[in-house]
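The values are calculated or read from the model by the stated rules, or taken from the named source; none is laboratory data. Nothing here was measured: the structure is a model prediction, and the numbers come from that model. Please note: Cβ atoms are built from the backbone with ideal geometry, for glycine as well, and neighbour counts cover all protein chains shown. The accessibility values were calculated without ligands, DNA or RNA, using every heavy atom of the protein model including side chains. Shrake-Rupley method; radii C 1.70, N 1.55, O 1.52, S 1.80 Å.
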Amino acid sequence: MTETTEAELLSTLRARIRDAWQADPVFIDPIIAAGLTDNQRTAIEKASQTTAETGLSHFVAIVPGIAPAAEEDWSRFTSDLAYAMHKDSGEDQTLVLISEAENAARSYAYLVGDSGPAMPKAADMLARSGSDDFLPVELAVPYQLGVLVAAARSTDPPAPPDFDTRDVGDRDEDYIEATGLDNDNPDGLVFAATAAAALGVSVWLLRRRTKYSWRKSLTTSPTLVGGGSLERKAQKALEPLPEPIDDESWDVYDRGRRVQEALSTLLTDHPDWAEDRDFSHRHAVNVLVTTARWVRARLHGSASADQEPRFCFLFPHHRTGVEEFVLRQPGTTLTVDLCADCRNEIDAGGEPERLMVPKRRGSRRPVPYFRRSDAYAQSGFGSFQPLEDALLDSRTSPEATSTGGRR
Ligand SMILES: [Zn+2]
């Protein structure tokens, strides 16, 4: 199979699974649906219902066996899909289980939070029973979902079911025939390939979790205020501006006056801006101070003041190589100013760090600053409108009270 064909197959499968999950948290690939026994289907449905009763958002996909050669692509595919489902779900945590139905049920079980997908400790890809046998799909799915629920709630994982291929007893499960597990030596080759891929995926997940740990916490660096220097700069920015020397500089002068007015409003409304856990205030002060310095240089006729300062939308203290960029967001696109580093990272498929602030006053939940509705979000630190204009507008708009501004 060529790489393209495989990539196409995976992308078709991805679309099929995501579409199906819109309607039902259980997706059974039609290719294998007919091959499942009633007992298997019932066990899967029942496990999904039990999980739904916990109130946790969850998705289960039962798919045909994946060729060992494609295992690494498959690992990546499943964790990306899990992450995409989490983003859609809008919940704090999302449980995603993708399991093969053939032979022993090889599965990928993900607990996804805002920092990315993680595999709970007990969620081995080839789950083993209490009697050390590999679990068929009708036992693996309820067990793996139980492990995910326990991981989401930080409780102990359930005990693995007791399942002995050599002594089926009088249990009515028809898995022996359905899964071909009627020998006491499961396919060692399959297991080796799976173990290698599991190692690969956990290294990859770990890297991803470290890389995206900023999502889980409020921004705490850079502090920008280093030793009171930003406070001093802010006071300096409020000093009277030089008089305009010609008609053209009146515009610059007017802008300087608005910047000063916005800055003094901000300092009055948020006297603790330099210590606030909400770092958007200090970034705002920094942006206004930088703009004020440019205004002053222009009014002094400085040749170096041609370019008005621009700020990166995602993290306004990024100033290098800022250019317009079309940023894709869930359900929309935004044209914003982005620095060269952030543009490069997005082009490479990553998500650059954002300025993370409390969702609302006093809240501990971090959100990107632009997810709120205050003046900082309205302005995008200059991407949508100059920050000083947004701050001055917010004094008179109805939202001003809810975001802590003054009328
Ligand atoms: Zn940037």
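Side notes on the structure shown:
- Packing here is the average count of other Cβ atoms within 10 Å per residue, and on that basis the peptides 212-220, 354-362, highest first, run 354-362, 212-220.
- For the stretch 108-159 and the stretch 331-398, distance of Cα centres in Å: 38 Å
- For Ala118, the amide hydrogen comes within under 5 Å of the amide hydrogens of Leu111, Val112, Gly113, counting only partners 5 or more places away or on other chains and with H modelled in the peptide plane.
- For Lys87, a cut-off of 30 angstrom between C-alpha atoms picks up these lysines, skipping any fewer than 8 places away in its own chain: Lys46, Lys121, Lys211, Lys216, Lys359.
- Accessible-area composition of the stretch 290-407, carbon plus sulfur, in percent [1.4 Å probe]: 45 percent
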